Structures are given as structure tokens and as C-alpha cells.
1. Restricting the first residue to the range A:51-71 and requiring it to be on the phi > 0 side of the Ramachandran plot, which pairs with a second residue that is outside any helix (DSSP H, G or I) meet a Cβ separation below 9 Å and a spacing of at least six or different chains?
2. When residues of the range A:428-444 are filtered for being more than 9 Å from chain B (Cβ to nearest Cβ), outside any helix (DSSP H, G or I) and either within 16 Å of B:Leu56 (Cα to Cα) or not hydroxyl-bearing (Ser, Thr, Tyr) (or both), how many remain?
3. Count, please, the residues in the range A:460-486 that happen to be assigned to a helix (DSSP H, G or I), surrounded by fewer than 19 Cβ atoms within 10 Å (Cβ to Cβ) and of a type in the set (A, V, I, L, M).
4. Would a scan of the range A:409-424 turn up a residue that is surrounded by 24 or more Cβ atoms within 10 Å (Cβ to Cβ) and at pLDDT 95 or above?
5. So B:Leu77 fits all but one of (1) facing another protein chain (nearest Cβ under 7 Å); (2) among the hydrophobic types (A, V, I, L, M, F, W, C); (3) under 30 Å from A:Ala101 (Cα atoms); what number is the exception?
6. Looking at the structure I just gave you, is A:Ile342 more than 9 Å from chain B (Cβ to nearest Cβ) and either buried (at least 23 other Cβ atoms within 10 Å of the Cβ) or over 26 Å from the mean Cα position of the chain (by Cα) (or both)?
7. What single numbered condition from (1) crowded, with 23+ Cβ neighbours inside 10 Å; (2) over 23 Å from A:Thr217 (Cβ atoms) fails to hold for A:Asn98?
8. Which members of the range A:311-332 meet the condition of being within 9 Å of chain B (Cβ to nearest Cβ) and either assigned to a loop (DSSP other than H, G, I, E, B) or at pLDDT below 95 (or both)?
Amino acid sequence: MELYSLTIHEIAKKIKSKEVTIREVLDSVYSRIDSLENKVNAYINLTKEYAYISADKLQKKLDAGEDIGFLGGVPIAIKDNMCIKDVKTTCGSRMLENFVAPYDATVIERLELAGAIIIGKTNMDEFAMGSSTESSYFKKTVNPWDITKVPGGSSGGSAASVSCDMAFAALGSDTGGSIRQPASYCSTVGLKPTYGLVSRFGLVAFASSLDQIGPFTKDVTDMAIMLNAIVGHDEKDTTSVNLDKIDYTKYLINDAKNITIGIPREFLKEGLNPDVKEAFDIAIDKLIKLGAKVIDVNLDYIKYSLATYYIIATAEASSNLGRYDGIKYGYRTDKFDNLLDIYKKSRTEGFGEEVKRRIMLGTYVLSSGYYDAYYKKAQKVRTLIINDFKRVFEECDIIALPTAPNTAFKMGEKNLNPLEMYLEDIYTVPVNIAGLPGISVPCGFCHFNMPIGLQFISSAFEEEKLLQLAYTYEQNTEFHKMKPNI
Amino acid sequence: MSITREEIKHIANLSRINVSDSELDMYAETLSNIVGMANEINRLNTDDVKPTAHILESVNVFRKDEVKPSYSREKILVNAPTKESGCISLPKVVE
């Protein structure tokens, strides 16, 4: 078996026991990238030189008998909207094509503290706005399970790289489903943590009350390990919470007894692909056999999530992206007449169509005459959705839903109609609106062999419950072991 | 609910984005569709509901006011489109 195909927990052990050197591990994963990247297009930029320097430093420490951390020598990919000092952070946009980050995001510091080696920056929808990774200014990432299909988005490069062993794990960001939906499309595990659990310092902002960083991994054990590395309070992010650190690997318990799962059946009728529905039903049966108690629950306002999301997310985006003015950093137009002209031309030339659409939509819902009808109204409906979840979590521990209503679609298929693309997030956006954690785990394949994801949602800061149920499901199924034939 | 070409021009200006004549119809159509979908929420009565801006209960988080080194001028200027004498330079904007 090739080194690149192992999991974090397997490779970290081999490195520590000196069965393999860190250089051998890096060689293996970079040779995998070399052989597949021209097909998959998962990466915007590789950080090879820096990776080998880190590898040699870590190996020296290891050989001297020092501790290299629980991720010691493990190669990890990072979505290109997280800053790494002295490395380009493009956000998939022409606007930031040449932006070199002056500092590390907190998650990068934490990963490196645990011994991880950053191997490259992955492709994404421009400014994380999209569900297919097609809106990247640089390239289109394909789905390793079928190269005519999208990997999902916006963290499509991260999902694709992990699914075909071009990284042992990757970080993504999730504003409305951008980790869980591509995880589902590419058959990896993907977790969006509770809002505030992971510092957003150094993450390029899209919608600040919804954004959260989280990992893509090959299995649930690796997810617990990655989570251990990145969580924790950070004074540089005032929305990061100060909780006692827990060891998530302690909750990798193969037991679903005493777990009550709620299913909002009303929400599973319209627009759900029959293959996805069937895989979901089989997964729930499996969990019942494993001892979980399953009940029906009603989330009355969840159907308003998508509307609420597209108002709040675009409003916040229009404000956050106001900083790209062509003055201090980022793209500046060549020819201009005056200051206003610099702003307008730089933004018009620097942003792609979907980003402009969302900036304009956000500007519209915040503009005089529409603020109350849209933005304020959406904030009120947000309260109703949050209360709905709180009520339901008095009856059950976990809510189960499909991650996405469909399997990966053809490239170009949903580009002409943004609304159709938005509908792929129908099961993921409610989680961001309520700030809850959600995990997607592989749960099967459709009749033409594209992966399907199963989503678990819990109360805020109960990631350990998600991990336990996901682990139990995984240990009693084989889907996570399937790899794309690419 | 439909957003007119004129409204798109107005929003584009507020957004500091130029929209060409040929793009006006496309944006008018797609934005109208999205706003049409978003209008669903106006069916709900929310008179007694408090708006949520943020899911955390924290307000006004302060850190200690300590002097710490900041980023170096060179590092920040690396990203400036044009610079001069250690500053970001701009065309003259005030006559």
C-alpha cells in the first residue's frame, strides 16, 4: 500500500516509530499530486520548498528524541482563503491574485504547533461564494469520482484533494455548507464546527456571522485528531469562545445506544433525489440496528432557511468586500480618471460574476427602503430558526439529514441559474444560521456510483456527540474505505 | 418581485461596480429570481420576534491594552499596488 493512501492516525504512527521518514511521506504525497493534479486541479499553489524545510526540521527533532506533536510530519492542504505568512492567499479571485499574507491564520499556527506540514493551497469558489468550485478565477477542480462532474463547493479543492489521497487532510471553510456539501460529493468526512469553536483570525471574511473553519478527513478518527489541533480560544478573534479544551479522540466510541436521533421528515419531501433518500433511509435503519432511538421531529421554520441565508450572507458579504478598493492591496485597474473610477474599475475587473451578484444583492437588501423588509426581517426569522432547533434538541441529541439533496452535478450544468445552485445547500444552511456544528460522513452511492453524504447536527459545542455517532456509523459500514478510481 | 434595469444601475453604483448594458438584463433577471425566493419570509409574522445579529451572547469583547510589535512596514507594502517612500501611493485626489 502506498503511503499517501493511509490515514493521519496510520501515517503519524509510522513516522513516530521511524518506520518511514517524513521526507518519504512528503515524496509520496507530492508524487501523487504530480500524477493527478493535471486531471483534478485541486491546488492553486503548492508550498513544496517550505514543506521540505519543515520536514527536515521535524525529522531532526524526532531523531534527537524530541516530541514532534500528534500531527508530526503529516501533510495537510489548506483552502486558499486562509493566510499563511509569506505565501499567496488568492481566495480564488483575480482581486487577490498577487496577495502575499503578512501573517499566519491562527489555525495555521495551531496545525504547525501540532507538527503538521502544509503542502499547498487548494482551489475554491471565488471568495467562497458557490457550490461547485467553478467560480474560481484560476481553474476548475473536478470530482475525482467522475471528472465530468463538480467536486461541490466552495471548498472543492480541499474535498477533491483528500478524496483522492492528494493530502492526508485539508482545511476548508463553511458559510452555508462549503465543507459538508463537497465532503458529501467527494466521499470524505467533513465537519463544520460550532460558530466560535475555531478562530477565524486569518480567514478571509465572507459572511462573518456564519463563517467557520473546519477539516476534511478520510475517516472520523482523523476528524477528532484534526479538531484537537485547531480548536481553542484566540484573543485575535473576539467571536472565539473560551471553553475548556477536551480531547475529542476520547469520544471515538462505537456505541449508539442512549443516542436519540431526530428526523425532520417534512423537510425530506420536496426536491430530494430518490437515490439520496434511499441511502439516507438505509443509514437510519442501520443506526436503529446499532441501538439508536429514532424519532420524528418538526422544524417549522427550517424551510425559510435558504431565503434567510441569502439575505444575511449577501448583506454581510457586501459589507466585508467593501475593503477591496484597489488602494491598499489587491487588484488595481491600469487606467482611471479619478478616485471613484479606481474603485469601480478595480472592483469590476477584479471580481467575477457571482461575487458581483452577491455584493449587489447584499447592497440591495441593506439599502434604504429595503432594509426592514429583507435584512431585519431575515434577522428575525433567524431567531425563529434558532429557537426551533433549541426546542427540538430538548427531544433528541442529534438531528439527521442528507448532506445535499443530490449527488455531484455535471460541470456547467447549474451555472446559468444561480437559484438552482443555491438549492444544493438546502440541508446545510440551517446549521450555519443557527451556528450549530454539523458533520457529513459517506453513506453510500447513487445508481451511477456517485457518493452520498449523511449529515448529523447537534446542539452548540457538542462536537463530541457528533463524532461518537459518526464513528459508530463508520465502524459498522464500509463506505469510507471506498476510493475513486482515478 | 422584479428588480428593474434602473434599480440594478443604482445598486451597482452603491456597490462601486460597473455593469455594462449587456449585463443589466442578466443581473436584473437573476437578482429578481433570488429576491423572489427570499420574499418567502415576508409571509411570516415576526412582530414580536427579536432579530439575531449573532448567535453568541458575547458583547463588546475587549483585550488588554498592551503594546506589542505590529507587522513590519515592508511586509504590508509588499501588497500595495503602488508605493513611494515607505507609503502607499495614490494618484492626486484633491485639487
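1. What qualifies is A:Gly69/A:Ala114; A:Gly69/A:Gly115; A:Gly69/A:Ala116.
2. 7
3. 0
4. No, every residue in the range A:409-424 fails to be surrounded by 24 or more Cβ atoms within 10 Å (Cβ to Cβ) and at pLDDT 95 or above.
5. Answer for B:Leu77: the failing condition is (1).
6. no
7. So the condition that A:Asn98 fails would be (1).
8. Selection gives A:Asp325, A:Gly326, A:Ile327, A:Lys328, A:Tyr329, A:Gly330, A:Tyr331, A:Arg332.
The values are calculated or read from the model by the stated rules, or taken from the named source; none is laboratory data. Small disclaimer: the values here were computed from a predicted structure and weren't measured. Virtual Cβ from ideal backbone geometry, glycine too; neighbours counted across all protein chains shown.
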